[in-house]
Amino acid sequence: MSKKHNSKTNIIRKFLKYIVIFYMLCIAGKLLIEVGMQFNYYIEKSVQAEKRHVIQDYEEWNLILVNAWNEIPEDYNVTLTELSNGQMIDSRIYPCLQDMFDAMREDGIYPIVREGYRTADEQQRILDDKVMAFIREGYSKSRAKRLAETWVAIPGTSEHQLGIAVDINADKEKSSNEEVYEWLAENAYKYGFILRYPQDKEDITGTAYEPWHYRYVGEEAAEEIFNRQICLEEYFD
């Protein structure tokens, strides 16, 4: 009995040993995958930055390029106008925005500016909230941060800090978001605004499709961008 008992004990010990080794290999493999993803992410960012960085004449305030690779100039200043719902925008785009909204209302569509100008602190808070939302969905902190940055720009790289970009939604009591987005897609360029983050351009803009986000560039640039069906980055290229 003693020999049989020792044999069983040895088998159990070996079995447990293999389980521990297997478990440790699984953890190591997961860590290696995460490190590899991090490495690929930063390599990709570096390559994209090299490809997309644009040196500009910032005297053309309406054509400043701001994205993940081009930060807002340190000396950038903006004079703001407050809208009826408390949102703020660059005073220079106010007349064009009002003309566009008036035209929409004449067509029976009622828009509102859901988001206008943001400070750097406000932008950081929105980004942090998005990261936490992904973490609650079960993503790791690093993965959540990467996902969040495809939806929310990090401070210093958000057009909302320029004051010439607006998120436009519908007055839900009178219109639907779909009606607003469809009208804007067809007509916003006439008033100097472009759909800043189009579909199928995510690899160029660095931002997911946002049918509500419109950016003022002036009527001439807006018409060319609309007719050529390109994004702002391609316009500069």
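Each value in this text was obtained by applying a stated rule to the coordinates, not by laboratory testing. None of the values given here were measured: they were computed from a predicted structure. Cβ: placed from backbone, ideal geometry, glycine included. Neighbour counts: every protein chain shown.
Report the paramagnetic label zone for D107: residues of region 183-205 whose backbone N is under 14 Å from a point 7 Å from Cα along the Cα-to-Cβ axis.
183-195
Could you give the size of the charge dipole of region 88-237 about its Cα centre, using +1 on the Cβ of each K and R and -1 on the Cβ of each D and E, expressed in debye and rounded to the nearest 20? All intermediate terms of the calculation are to be shown ahead of the outcome.
Working: 18 positive and 31 negative charges, 161 e Å.
That gives region 88-237 a dipole magnitude of about 780 debye.
Identify the residues of region 126-156 with backbone N under 17 Å of a label point that sits 7 angstrom from the Cα of E234 along the Cα-to-Cβ direction, or state none.
Correct set: none at all.
So for region 113-162, considering every pair of alpha-carbon atoms, how many percent are separated by more than 16 Å?
On the way: 464 of 1225 pairs.
Tail of P(r) above 16 Å: 38 percent of Cα pairs.
Bin all alpha-carbon pair distances of region 103-230 at 10 Å intervals from 0 and give each bin's fraction as a whole percent.
So the P(r) values, bin by bin, are 13, 37, 35, 14, 2.
Between E182 and K141, what is the FRET efficiency for a Förster distance of 30 Å, r being their Cβ-Cβ separation, to the nearest 0.05? List each step's numbers first, then the result.
On the way: r = 38 Å, r/R0 = 1.27.
With R0 = 30 Å, the Cβ-Cβ based efficiency is 0.20.
With 5 Å bins from zero, work out the P(r) of region 180-237 over every alpha carbon pair and list the percent per bin.
Going from the shortest bin to the longest, the percentages are 4, 23, 33, 27, 12, 1.
Set the Förster distance to 25 Å, then compute FRET efficiency between R92 and K190 from the Cβ-Cβ distance, nearest 0.05. Please list the in-between numbers first.
Values: r = 18 Å, r/R0 = 0.71.
Using R0 = 25 Å, I get an efficiency of 0.90.
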